[in-house]
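Reviewing the structure listed below.
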Amino acid sequence: MAKSNARSAAKVLARRAKTDPMSFLFLFCTVVMLGSVVRMWAHGAEICDVLGASRGLGILGAVTGAALIVSWWVNTGNE
């Protein structure tokens, strides 16, 4: 058990020590992408008026889910 905790602590320290400029770029892109999704939801009523309620909400939900999945995938380092 002690070996496992030592490995976990070493992994945490190694991850904290890495400050890669690309990680800041990924974080910035994630914030921009999720900010766009929030702005899209602000126009949800208009989208539902044009496409119909169920279709509009389905499209908004699918785009939001895709944005969350992509942001999680990019920020976890594809591990």
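The values are calculated or read from the model by the stated rules, or taken from the named source; none is laboratory data. No experiment lies behind these values; they were computed from the predicted model shown. FYI the Cβ positions are ideal-geometry reconstructions off the backbone, even for glycines, and counts take in every protein chain you see.
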Next item on the list: Inspect all residues belonging to the stretch 15-34 and state whether any of them is of a type in the set (K, R), assigned to a helix (DSSP H, G or I), out of contact with any Leu (no Cβ under 9 Å at 6 or more places or on another chain) and modelled with pLDDT of 85 or more.
Entry: no
Item checked: Filter result (part of a helix (DSSP H, G or I) and either touching a strand residue (DSSP E or B) at 6+ places or on another chain (Cβ under 9 Å) or loosely packed, with under 14 Cβ neighbours inside 10 Å (or both)) within the stretch 45-62 -> A45, E46, D49, V50, A53, S54, R55, G58, G61, A62
